[in-house]
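Below is one structure; the comments refer to it alone.
The values are calculated or read from the model by the stated rules, or taken from the named source; none is laboratory data. Here the structure is a predicted model, which means the values were calculated and not measured. Note that we place each Cβ from the backbone using ideal geometry, even for glycine, and neighbour counts take in every protein chain shown. Accessible surface areas use protein heavy atoms only, side chains included; no ligands, DNA or RNA. Shrake-Rupley method; radii C 1.70, N 1.55, O 1.52, S 1.80 Å.
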Amino acid sequence: VQLQASGGGLVQAGGSLRLSCAASGRTFSSAVMGWFRQAPGKEREFVAAVNWNGGRTYYLDSVKRRFTISRENAKNRVYLQMNSLKPEDTAAYFCAADPSPAGYMDALSYTYWGQGTKVTVSS
């Protein structure tokens, strides 16, 4: 099972990026999918999660109304559209899958992880 995150890069403050996470090895169409981020010297933090059919989404307060998580089960992919980016959004972003029930905000509850994709927002 593999989760492959992509789409990171360098962007100016106020810009946008779209992260993508492709899953392989099994289908995650019935699992919660999430995005986390980790800045240098900081702990990994929850950013967003989406339920199995995209009907429910959850966000870190500081990214609400700027970030949008979505999924495409037919392609076994999850996305994170990031708008109005700020320097404090700079971090490595990780996708994750299949947390324990009610544990979608807790990194320790996730079973599968992708490698990080780096996002750098310049001021």
State all residues of segment 90-123 that are closer than 14 Å to Phe46 by Cβ, touching a residue at least 12 places away in the same chain (Cβ under 8 Å) and not in a strand (DSSP E or B); if no residue qualifies, say none. Tyr104, Met105, Asp106, Ala107
Please enumerate the residues belonging to segment 20-57 that are open to solvent by less than 40 Å² (accessible area, probe 1.4 Å), of a type in the set (S, T, N, Q) and in contact with a Lys or Arg (Cβ under 8 Å, 6 or more places away or on another chain). Ser20
Restricting the search to segment 58-76, which residues are open to solvent by less than 60 Å² (accessible area, probe 1.4 Å), under 17 Å from Ala31 (Cα atoms) and aliphatic (A, V, I, L, M)? Ile69
As an exercise: evaluate Ala74 against (1) closer than 21 Å to Val32 by Cβ; (2) part of a strand (DSSP E or B) and give the number of the one condition it does not meet. (2)
Within segment 77-89, which residues are closer than 18 Å to Val11 by Cβ, open to solvent by 70 Å² or more (accessible area, probe 1.4 Å) and either of a type in the set (Lys, Arg) or assigned to a loop (DSSP other than H, G, I, E, B) (or both)? Lys86
Inside segment 1-57, can you point out the residues that are among the basic types (Lys, Arg) and assigned to a loop (DSSP other than H, G, I, E, B)? Arg26, Lys42, Arg44, Arg56
